[in-house]
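Below you'll find the structure, written out as structure tokens, and then a few comments.
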Amino acid sequence: MHLAPFLLVSAIVVITPGVDMALVTKNALLHGRSAARPTALGVNLGLFLWTLAAVVAASAAAFAVLKLAGAAYLVYLGCRAIVRRGAAEPVRRATVGPFRQGLVSNLLNPKIAVFFTSLLPQFVDADHAQPQDLLLLGVLFNCMGVAWLLGYAELASRGRDVLLRPRVKRALDRLSGIALVGLGVRLAFEGRR
């Protein structure tokens, strides 16, 4: 197992802004810590499930279905953010919804699928690879992800008061919605690498 290079690559992947951080940011700004933390935990449950999937080889057909489902979900989240009227969501939805959003967003993210099913195995010795090696690497990645996203959720939540002024909030909803729609459309037309 090549642990040092794996940790370096993982650290870069974990802190690079992407869909997971955008979702945590959105929920932190809209609902504060009570939504940002469950979103981060949902994302990391998705990472753990991808860790388990890394042991099983993924087919090209499964990748295509996953890519299109992920693109559709991003477009859906973007459209909801664009048309949101600013109404408060019920308390149950403010905690369960963000967890589910984080989980589904991560599970439908083909870049994470590629990372865990093709890049992850490159850090174990092909001749002596054991499923527990992949599991260990995945758990290490997940621990880094939990620490990063929970810390990031805390920071994003602190900026919430300033950013939730009605005019700023509407602009951020539209901007994040447009960004999510754009990511979804780009993802739908992106080829497999």
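The values are calculated or read from the model by the stated rules, or taken from the named source; none is laboratory data. Keep in mind it's a predicted model, so treat the numbers as computed, not measured. Note that each Cβ is placed from the backbone with ideal geometry, even for glycine, and that neighbours are counted across all protein chains shown. The accessibility values were calculated without ligands, DNA or RNA, using every heavy atom of the protein model including side chains. Shrake-Rupley method; radii C 1.70, N 1.55, O 1.52, S 1.80 Å.
Which of Ala4, Gly42, His128 sits closest to the plus end of the dipole of the chain, meaning its Cα is farthest towards the positive end, when Lys and Arg get +1 and Asp and Glu get -1 on the C-beta?
The Cα lying farthest towards the positive end belongs to Gly42.
Please list the helices of the chain that count as membrane-span-like by this rule: a mean Kyte-Doolittle hydropathy of at least 0.5 together with Cα atoms stretching 27 Å or more along the helix axis, each helix being a complete DSSP H run. Write out the running numbers ahead of the final one.
On the way: long enough: 33-53 (30 Å, 0.72); 60-83 (35 Å, 1.68); 131-158 (40 Å, 0.97); 166-189 (35 Å, 0.64).
Passing helices, by number: 33-53, 60-83, 131-158, 166-189.
Would you rank Phe189, Phe116 by solvent-accessible area, highest first, keeping every protein chain in place and using a 1.4 Å probe? Before the final figure, lay out each step's value.
On the way: Phe189 175, Phe116 0 Å².
Largest to smallest exposure gives the sequence Phe189, Phe116.
How large is the accessible surface of Val19 in square angstrom, using a 1.4 angstrom probe and rounding to the nearest 10?
Result for Val19: roughly 20 Å² accessible.
At q = 0.08, 0.09 Å⁻¹, what base-10 log of I(q)/I(0) does the Debye formula yield for the chain when every alpha carbon is treated as an equal point scatterer in vacuo?
-0.27, -0.34
Would you work out which of Leu119, Met21, Ser157 lies farthest towards the positive end of the dipole of the chain? Charges go on Cβ: Lys and Arg +1, Asp and Glu -1.
Positive-most Cα among the choices belongs to Ser157.
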